[in-house]
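Participant: Below is a structure I'd like to ask you about.
Just so it is clear, none of the values below were taken in a lab; they were calculated from the coordinates. Since we're looking at a predicted model, the values are computed, not measured. FYI the Cβ positions are ideal-geometry reconstructions off the backbone, even for glycines, and counts take in every protein chain you see.
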Amino acid sequence: MDKMVYVERLLAHPEYRDLQKEIEQLEADRIYCKHEFSHSLDVCRIAWILFLEEQIASAKAGDLHGAGLLEWKERIYLTGLLHDIGRVAQYQTGEHHGEAGRRIARRLLDEIGCPDVWREEILFVVALHFGRDGEQMQPGTLGDYICRADHSSRNCFLCSASETCKWLEAEKNKTITE
C-alpha cells in the first residue's frame, strides 16, 4: 500500500467536502486565523515534518519501515484534516468545535472504514487539540504533533489583526520556527 487510502476516502466524502466549503463561506470575512481546508492541510504537513524531525533526531527512523511510516503519516493526515471540522456547528449552534468535531469525525471515520485501532486516538485529538481544560498531549504522540502543528501554522508576525487577537502576546508566533 503506497497511498493513504483513508485520507483519499475522506477527501472524496461528500459531507467532508460540504463542511469544508461551509467553513470557508462562514469565515470569508473573518479577520483572524481561518480554519478552512488550507489551514488543515498546513497542520497535516507541519505535524508530519515534526514527526519526521523527531524520528531522525532520536535515531528512531530505522525502527519505522514502509507500512509503519505510512501508518503514522495517514493517522497524522486524517487527524489534521478533521481537527477543525466542528467549526460549522460552532458557528451555527455555539457548540464547541472540539465536541462537535468529535461527533462529526466519528461518523466520517466510520463511513470511510477507518481502522478501529486508530479511531479513539483520532477522536480524542479532534476533541482536545486546542488544549481545553488544561489537557496536555504527551510528547511524541499524535495529539502532540497535531497541537504543535496547529499552533505553528499561524503566521502572527504577518497578521494585520494581531493587535486585537485573543491570543496572549507570549502565545503568538513571532517567526516561522518553533
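Participant: How large is ³J(HN,Hα) for each residue in region 26-32, as worked out from phi by the Karplus curve 6.51 cos²θ - 1.76 cosθ + 1.60 (θ = phi - 60°), to whole Hz, x for Gly and Pro?
Facilitator: Karplus values, whole Hz, x for Gly and Pro: 5, 9, 4, 9, 5, 8, 8.
Participant: Also: Give me a comma-separated list of calculated 3J(HN,Hα) values for region 74-89, in order, Karplus coefficients 6.51, -1.76, 1.60 applied at θ = phi - 60°, integers in Hz, x for any Gly or Pro.
Facilitator: My calculation for region 74-89 gives 5, 5, 4, 5, 4, 5, x, 5, 9, 4, 10, 5, x, 4, 4, 4 Hz in order.
Participant: State, to one decimal in nm, how far the label point of Arg107 lies from the label point of Arg119, with both points 7 Å from Cα in the Cβ direction.
Facilitator: 1.5
Participant: Separate question: For region 5-171, build the charge dipole from Cβ charges (+1 Lys, Arg; -1 Asp, Glu) around the Cα centre, then report which of Ile104, Gln20, Gln90 sits farthest towards its positive end.
Facilitator: Farthest along the dipole direction, towards plus: Gln20.
Participant: About the Cα centre, and with charges only on the beta carbon of Lys, Arg (+1) and Asp, Glu (-1), how big is the dipole of region 5-171? Nearest 20 debye, please.
Facilitator: Working: 19 positive and 29 negative charges, 29 e Å.
It comes to approximately 140 debye.
Participant: So if I take the centroid of the Cα atoms in region 62-126 and the same for region 1-54, what is the distance between those two points in Å?
Facilitator: That distance is 11 Å.
Participant: Let me ask another. Taking only the C-alpha atoms, wrap a convex hull around the chain and report its volume per residue in Å³ as a whole number.
Facilitator: Details: hull volume 22.0 nm³, N = 178.
Measuring per residue, one finds 124 Å³ for the Cα hull of the chain.
Participant: Right, something else. Set the bar at 26 Å for Cα to Cα. Now go through Lys73/Lys174; Lys34/Lys172; Lys34/Lys73 and name every pair that lies beyond it.
Facilitator: Numbers: Lys73/Lys174 28 Å; Lys34/Lys172 15 Å; Lys34/Lys73 24 Å.
Long pairs (Cα-Cα over 26 Å): Lys73/Lys174.
Participant: At a Förster distance of 22 Å, what's the computed FRET efficiency of Glu99 paired with Ala12, Cβ-Cβ distance as r, to 0.05?
Facilitator: Efficiency, from the Cβ-Cβ distance: 0.30.
Participant: Report the relative contact order of region 1-110, percent, no decimals, based on alpha-carbon pairs under 8 angstrom and at least 6 residues apart. Provide the component values of the computation, followed by the final result.
Facilitator: Details: 92 pairs, mean separation 32.7, N = 110.
Rounded, it is 30 percent for region 1-110.
Participant: Under a plain spin-label model, where a point goes 7 Å from the Cα along Cα-to-Cβ, how far apart in nm are Glu54 and Lys174?
Facilitator: Those two pseudo-labels are separated by 2.5 nm.
Participant: Given only helices, namely DSSP H runs of n ≥ 4 each adding -39500 (n - 2.57), what is the per-residue ellipticity at 222 nm of the chain, to the nearest 500 deg cm²/dmol? Don't skip to the end; give the middle numbers.
Facilitator: Details: 8 runs with 105 residues, N = 178.
That comes out to -18500 deg cm²/dmol.
Participant: Among Val43, Gln55, Val125, which residue has its Cα positioned farthest towards the positive end of the charge dipole of the chain, with +1 placed on the Cβ of Lys and Arg, -1 on the Cβ of Asp and Glu, and the dipole taken about the Cα centre?
Facilitator: Toward the positive end, the furthest listed residue is Val43.
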